[in-house]
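*Asks:* Structure below; questions to follow.
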Amino acid sequence: MKIDRQCVVSLTWTLKDTLGETLDQLEEPMEFLVGGSDLLQRIEDELQGKKAGDTLSLHLEPEHAFGDYDDRLLFLEPRQLFPGELEVGMAFEGLPEGCNPSAPADRLYFVSDIYPDHVVLDGNHPLAGIALRVSMKVHAVREARVDEVGNGTLGTGFFQVRVNPEEKGSGPEGDLSPGRTLH
């Protein structure tokens, strides 16, 4: 079966920056919904017509990946609004009450710096502003089930950043420390 607009594809990949540094490697095949929100549009477009066993290599500029870095998404907030156990790399879904009310509430914010009186939060995707090189291999292709198409995702999106839903409302809701992967 060839990849088309509504199917499930099993992929592995290596993601590098333009200097050749490996940013992420998916060694075990993972399934993604083509035609939903799991993959970047440019990746979906390039996968069209491919079949199991095919490989492809892509160069993605920021506008085709995670966008340009937006310094308007950096916020300096009072340290006392955050839990005592705070580390660089922790993620928050939205900002805690009492923080800048103009900050978009529907974003993940990452702690980028901690000072005695303030915390710097960054609402950009960790890969924003970075040109990427992706080498992928297609391991399998199958028809998407009706429920998968209805959901619009298999929940495994390409470098989606998520927080741990079990910890919702308890301060830091997950972390992406430097050693953690994004897939």
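*Asks:* Take segment 88-120 and flag every residue that is more than 23 Å from Phe66 (Cβ to Cβ) and among the acidic types (Asp, Glu).
*Replies:* Glu97, Asp117
*Asks:* Still on this structure: I'd like to check something: does segment 40-63 contain any residue that is surrounded by 16 or more Cβ atoms within 10 Å (Cβ to Cβ), in contact with a Phe, Trp or Tyr (Cβ under 7 Å, 6 or more places away or on another chain) and either closer than 24 Å to Phe110 by Cβ or outside the structural domain of Pro101 (by TED's automatic domain parsing) (or both)?
*Replies:* Yes, segment 40-63 contains at least one residue that is surrounded by 16 or more Cβ atoms within 10 Å (Cβ to Cβ), in contact with a Phe, Trp or Tyr (Cβ under 7 Å, 6 or more places away or on another chain) and either closer than 24 Å to Phe110 by Cβ or outside the structural domain of Pro101 (by TED's automatic domain parsing) (or both).
*Asks:* Counting only residues that are without any contact (Cβ under 8 Å) to a residue 24 or more places away in the chain and part of a strand (DSSP E or B), which one in segment 26-43 is nearest to Pro62 (Cα to Cα)? Reasoning before the result, please.
*Replies:* Step one: filter segment 26-43 for residues without any contact (Cβ under 8 Å) to a residue 24 or more places away in the chain, giving 27-28, 41-42.
Filter once more, keeping what is part of a strand (DSSP E or B): 27-28.
Details: Glu27: 24, Glu28: 26 Å.
Out of the qualifying residues, it is Glu27.
*Asks:* Looking at this structure, is Ser37 more than 11 Å from Met136 (Cα to Cα) and of a type in the set (Ser, Thr, Tyr)? Outline the logic, then answer.
*Replies:* Details: more than 11 Å from Met136 (Cα to Cα): yes; of a type in the set (Ser, Thr, Tyr): yes.
Judged against the criteria, Ser37 is a match.
*Asks:* Hand me the list of strands (runs of 3 or more DSSP E) wholly inside segment 108-183 holding 3 or more residues that are at pLDDT 95 or above and among the charged types (D, E, K, R).
*Replies:* Details: elements: 108-114, 118-122, 132-143.
Here the list reads 132-143.
*Asks:* Is it the case that some residue within segment 47-57 is of a type in the set (S, T, N, Q) and in a strand (DSSP E or B)? Lay out the reasoning, then the answer.
*Replies:* Of all residues in segment 47-57, those of a type in the set (S, T, N, Q) come to 48, 55, 57.
Those left that are additionally in a strand (DSSP E or B): 55, 57.
Yes.
*Asks:* Do you know which of the residues in segment 102-154 that are in contact (Cβ under 8 Å) with a residue 60 or more places away in the chain and among the small types (Gly, Ala, Ser) is surrounded by the most Cβ atoms within 10 Å (Cβ to Cβ)?
*Replies:* Of everything passing the filter in segment 102-154, Ala144 is surrounded by the most Cβ atoms within 10 Å (Cβ to Cβ).
The values are calculated or read from the model by the stated rules, or taken from the named source; none is laboratory data. As the structure is a prediction and not an experimental result, all values here were calculated from the model. Every residue, glycine as well, gets a Cβ built from its backbone with ideal geometry; the counts of neighbours run over all protein chains shown.
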